[in-house]
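Visitor: Take this structure, written in structure tokens, and hold onto it; I'll ask about it next.
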């Protein structure tokens, strides 16, 4: 608290407050009151949240075997896993999103059994491709992180477990995975914020998330800045929630006692 | 599939030439943005370490804001904001309006974004230089500029290069964001080629391979550079894995 009360910080905070006030008063904010845009924005925020949460969940589920294959798998699993991570990390996410959406999207209508299947009404929309691209991208980046985490679990513990006759899957669930997860939590928090920052890219394939909603407002009302400031604030809040959430997860992990 | 490879030919009706021109634009933006980022980063790192409390806090606000907001929104805000401010300033001085070209805008905007990350990377590297060396140089009466150019910068280079290598890879991939602002770089040219010819997989995979080659070449180059920068270092302990 004392750190915040230094004179120059008070002045800086006053300037910041003044800027926010000026943006609020001088800007055009009447669109926030219109029900049409309210639903658009709320739906947009909701879409951003679940796209991010679901892609992080799916991506992480894929990242664990990817990391394990690279850290301790046989070469015929390690090499493809490594290649997958390199390709994902070496190409722009926007290109990946467009590859899945335009590529698969142009391929599927030509295949009769897909068009007649129950899933077709879903596959005709844009969000499955957005979710696919975001999940694979997260898996690629986190696969690399998990590789390091699995490799850093002390060898002696795994050897000890093996000597005690633990089966391999039990070594994984009881020893390797919990320790790898603990060491990787801070990195994962940062990467999840990066994933949040990647979600506006799916606006380019017509998924109406919060960024796309703000572009709609900008085009409808011909205003440049206000919607951008608004989404910036939304992303700041969401990023703050993620950081706090991961901080809470980290504080729950058991402390070393001996 | 086999017939679509002809579409990658360099001369029309192939789209290879278009892609290569767009690739050149991408590389120019990436190099320019990375360069501006390095300049901002170096100034920012020195400011964060040696600056007064006000400068330090201002730099913290800059790095935190840039790293917390999506690049796409920063690009739009800076792109419109900077052109607006510049034109208002020019109008006030009785000059006509100017239109900033896409390449220049892209370089400046991505450079500002890169600068925030570079500030943190370089700050960490400078702080990792053993303080005894800097004190010794000061005790010998070296002026501050010479301490920077002879002691701090050469020593920290090896420590900063892994981070800078990552940053360069981000710069090459972030050029794709310029596609959304309508600037004709590799990703946008690829989409145009793909949607004209309907050979989506061919073009997107070809562009992906180009990006991948850039990534692999840069990783190799930065690794060599790091070996060169560390040539005088004492042998490092290799990790306990």
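Coordinate-derived values only; no laboratory data. Keep in mind it's a predicted model, so treat the numbers as computed, not measured. Cβ coordinates were reconstructed from backbone atoms using ideal geometry, including for glycine residues, and neighbour counts include every protein chain displayed.
Visitor: Return the FRET efficiency for the residue pair residue A:120, residue A:248: r is the Cβ-Cβ distance, R0 is 51 Å, and the value is rounded to the nearest 0.05. Don't skip to the end; give the middle numbers.
Guide: Values: r = 41 Å, r/R0 = 0.81.
Calculated value: 0.80.
Visitor: If I model a spin label at residue B:92 and residue A:42 as a point 7 Å from the Cα along the Cα→Cβ vector, what separation in nanometres do I get?
Guide: Calculated label separation equals 4.3 nm.
Visitor: What distance in nm separates the two pseudo spin-label positions at residue A:20 and residue B:140, each 7 Å out from Cα along the beta-carbon direction?
Guide: 5.1 nm
Visitor: On to the next question. Roughly how far apart, in whole Å, are the Cα centres of the range A:1-62 and the range A:176-203?
Guide: Rounded to whole Å, the Cα centres lie 21 Å apart.
Visitor: Using label points projected 7 Å from each Cα along Cα→Cβ, tell me how many nm separate residue B:55 and residue B:198, to one decimal.
Guide: Calculated label separation equals 6.2 nm.
Visitor: In degrees between 0 and 90, to the nearest 10, how far off the longest principal axis of chain B does helix B:71-92 point, with axes built from Cα atoms?
Guide: 80 degrees
Visitor: Compute the separation of the alpha-carbon centres of the range A:141-166 and the range B:214-229 and state it in Å as a whole number.
Guide: For the range A:141-166 versus the range B:214-229, the Cα centre distance is 30 Å.
Visitor: By what distance, in whole Å, do the Cα atoms of the range B:16-152 stretch along each of the three principal axes, largest value first?
Guide: Projected onto the principal axes, the Cα atoms of the range B:16-152 cover 54, 45, 30 Å.
Visitor: Over the whole of B:187-195, what's the average partner chain Cβ count within 10 Å per residue? Rounded to a whole number, please. Present the calculation step by step, with values, prior to reporting the outcome.
Guide: On the way: counts 5, 2, 0, 4, 6, 0, 0, 5, 3.
Across B:187-195, the average partner-chain Cβ count within 10 Å equals 3.
Visitor: Relative to the first principal axis of the alpha-carbon coordinates of chain B, what is the inclination of helix B:153-174, with its axis defined by its Cα atoms, in degrees from 0 to 90 and to the nearest 10?
Guide: Taking Cα atoms only, the helix is inclined about 20 degrees.
Visitor: For the range A:150-258, what's the radius of gyration and Dmax over Cα atoms, in angstrom?
Guide: Just the Cα atoms of the range A:150-258 yield Rg and Dmax of 21.6, 70 Å.
Visitor: With an 8 Å Cα cut-off and a minimum separation of 6 or more residues, compute the relative contact order for chain A in percent.
Guide: Numbers: 223 pairs, mean separation 68.9, N = 258.
Once divided by the residue count of chain A, the mean separation gives 27 percent.
Visitor: What FRET efficiency comes out for residue B:209 versus residue B:31 if R0 is 22 angstrom and r is the Cβ-Cβ distance? Round to the nearest 0.05. Working shown, then result.
Guide: Details: r = 21 Å, r/R0 = 0.93.
My answer for the efficiency is 0.60.
Visitor: Would you mind checking the radius of gyration and Dmax of the protein assembly as shown based on alpha-carbon positions, in Å?
Guide: Over the protein assembly as shown's Cα set, Rg and Dmax evaluate to 25.0, 84 Å.
Visitor: Continuing with this model, one more query. Could you work out how far helix A:210-221 tilts from the main Cα principal axis of chain A, as a 0 to 90 degree angle to the nearest 10?
Guide: Orientation of helix A:210-221: about 20 degrees from the principal axis.
Visitor: Follow-up. Provide the convex hull volume over Cα atoms per residue for the range A:33-251, in Å³.
Guide: On the way: hull volume 34.9 nm³, N = 219.
Hull volume normalised by residue count: 159 Å³.
Visitor: Let me ask something additional. Within 10 Å, count the other beta carbons around each residue, average over each peptide in B:113-120, A:231-238, and list them highest first.
Guide: Working: B:113-120: 23.4, A:231-238: 18.4.
Put in order of decreasing packing, that is B:113-120, A:231-238.
Visitor: Across peptide B:63-71, how many C-beta atoms of other chains are within 10 Å of each residue C-beta, on average? Write out the running numbers ahead of the final one.
Guide: Details: counts 0, 1, 2, 0, 5, 10, 8, 12, 4.
The shielding value for this peptide is 5.
Visitor: Which whole-number percentage describes the relative contact order of chain B, with Cα contacts under 8 Å and a sequence gap of 6 or more? Walk me through the intermediate numbers first.
Guide: Numbers: 238 pairs, mean separation 62.8, N = 241.
Computed value for chain B: 26 percent relative contact order.
Visitor: By how many nm would the segment from residue A:57 to residue A:34 lengthen if fully extended, with 0.36 nm per residue of separation less the alpha-carbon distance?
Guide: Value of the extension gain: 4.8 nm.
Visitor: Hey, in the GNM for chain A with a 10 angstrom Cα cutoff, which one of A:132, A:62, A:221 fluctuates hardest?
Guide: Between A:132, A:62, A:221, it is A:221 that shows the largest mean-square fluctuation.
Visitor: Can I ask one more? Classify the range B:115-241 as rounded, prolate or oblate from the Cα gyration tensor: take a ≥ b ≥ c as the square roots of its eigenvalues, call it rounded if a/c is under 1.5, otherwise prolate when a/b beats b/c and oblate if not. Don't skip to the answer; put the middle values down first.
Guide: Working: a/c = 4.09, a/b = 2.45, b/c = 1.67.
Prolate.
Visitor: Please give the Cα centre distance for the range A:71-97 versus the range B:57-126, rounded to the nearest Å.
Guide: Using only Cα atoms, the two centres lie 33 Å from each other.
Visitor: Here's a follow-up. Stokes-Einstein at 25 °C, 0.890 mPa s, Kirkwood radius from Cα pairs: D for chain B in µm² s⁻¹? Write down the numbers at each step before the final one.
Guide: Working: Rh = 20.5 Å.
Approximately 120 µm²/s, per Stokes-Einstein.
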